[in-house]
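Engineer: Please see the structure below; I have some questions.
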Amino acid sequence: MLELTDIDAGYAGFQALFGVSMQVAAGEAVAVIGANGAGKTTLLRVISGLLPPTSGRMALEGRDLLAMPAHSIVAAGIAHVPESRRLFPLLSVEENLRMGAFIASARARFSERLEYVYGLFPRLKERKAQLAGTLSGGEQQMCAIARALMSGPKLILLDEPSMGLAPVVVSQVFDLVRRIRGEGYTVLIVEQNVRQVLKVVDRAYLLEVGRVKAQGAAAELAASDEIRAAYMGI
């Protein structure tokens with residue numbers, strides 16, 4: 001579904017990604033793991049069109065993503081749940097969900113998508129009139145994921161969904177990831193919580209200082225002594 005080939009990218013003369021290549025097949029959940037500053041968030045920003053790469057190729061179902069502006073990438077089927085959730089705090093839950101259905105194809109199916117999302121996350125329906133900024137951390141992450149689902153995406157990008165959350169809430173967030181996987185969505189998740197994320201994905205890429213240093217089945221990486229020592233504290 002998604003294919004990246006030799007992607008270089010950076011900010012104002014600082015190179016953050018070096019020749020990154022990866023693939024995500026339809027129906028897969030794939031993680032990008034690594035320490036803070038490894039380039040994980042930069043990678044998602046490149047995929048969603050927020051940061052143009054300096055070189056390389058990128059395609060979704062054979063379509064050249066580099067030829068598309070960011071809003072067209074959303075319409076092509078990629079929804080990005082950003083780091084720190086980035087909800088509109090002074091808008092209600094339902095107003096935030098409406099923002100997720102901004103593209104024309106989603107606006108036409110707004111009621112249908114809203115019913116689907118509320119069915120998936122009943123707690124959001126209970127709080128639909130509540131200001132998003134007053135939700136708990138776990139509920140805000142739920143709302144951010146639901147907002148992404150409103151566009152009817154083929155691929156969901158999740159950027160550090162457990163960041164800043166209490167341990168009990170972290171488990172709830174990874175349960176959310178399992179739930180959207182169960183709905184058949186393709187997921188690419190960036191996460192520092194290596195121990196937890198390798199339990200919910202099929203494969204993973206290890207990113208170190210902007211380069212892919214290892215890749216493989218999640219179970220294989222979870223069993224790697226090097227990764228366990230460096231990233232899981234074992």
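Each value in this text was obtained by applying a stated rule to the coordinates, not by laboratory testing. These figures come from a predicted structure and were not determined experimentally. As a convention, Cβ positions derive from the backbone with ideal geometry for all residues, glycine included, and neighbour counts pool all protein chains shown.
Engineer: Output yes when any residue across segment 220-228 is within 15 Å of Val24 (Cβ to Cβ) and surrounded by 15 or more Cβ atoms within 10 Å (Cβ to Cβ), and no when none is.
Structural biologist: Within segment 220-228, not a single residue is within 15 Å of Val24 (Cβ to Cβ) and surrounded by 15 or more Cβ atoms within 10 Å (Cβ to Cβ).
Engineer: Of all residues in segment 164-185, which are surrounded by fewer than 18 Cβ atoms within 10 Å (Cβ to Cβ) and either within 21 Å of Arg45 (Cα to Cα) or of a type in the set (A, V, I, L, M) (or both)?
Structural biologist: Once the filter is applied, which keeps residues that are surrounded by fewer than 18 Cβ atoms within 10 Å (Cβ to Cβ) and either within 21 Å of Arg45 (Cα to Cα) or of a type in the set (A, V, I, L, M) (or both), segment 164-185 yields Gly164, Ala166, Val168, Val169.
Engineer: Going by the structure shown, is Leu131 surrounded by fewer than 19 Cβ atoms within 10 Å (Cβ to Cβ), of a type in the set (A, V, I, L, M) and in contact with a Leu (Cβ under 7 Å, 6 or more places away or on another chain)?
Structural biologist: It is true that Leu131 is surrounded by fewer than 19 Cβ atoms within 10 Å (Cβ to Cβ), of a type in the set (A, V, I, L, M) and in contact with a Leu (Cβ under 7 Å, 6 or more places away or on another chain).
Engineer: Moving to a separate point now. Do you know which residues across segment 192-229 are closer than 24 Å to Ala16 by Cβ, in a helix (DSSP H, G or I) and either in contact (Cβ under 8 Å) with a residue 24 or more places away in the chain or of a type in the set (S, T, N, Q) (or both)?
Structural biologist: Val194, Val197, Leu221, Ile227
Engineer: When only residues in segment 69-118 that are closer than 23 Å to Leu176 by Cα and of a type in the set (Gly, Ala, Ser) count, which is surrounded by the fewest Cβ atoms within 10 Å (Cβ to Cβ)?
Structural biologist: Across segment 69-118, the extreme among qualifying residues is Ser111.
Engineer: Could you please let me know if Leu149 is surrounded by fewer than 22 Cβ atoms within 10 Å (Cβ to Cβ) and touching a residue at least 12 places away in the same chain (Cβ under 8 Å)?
Structural biologist: no
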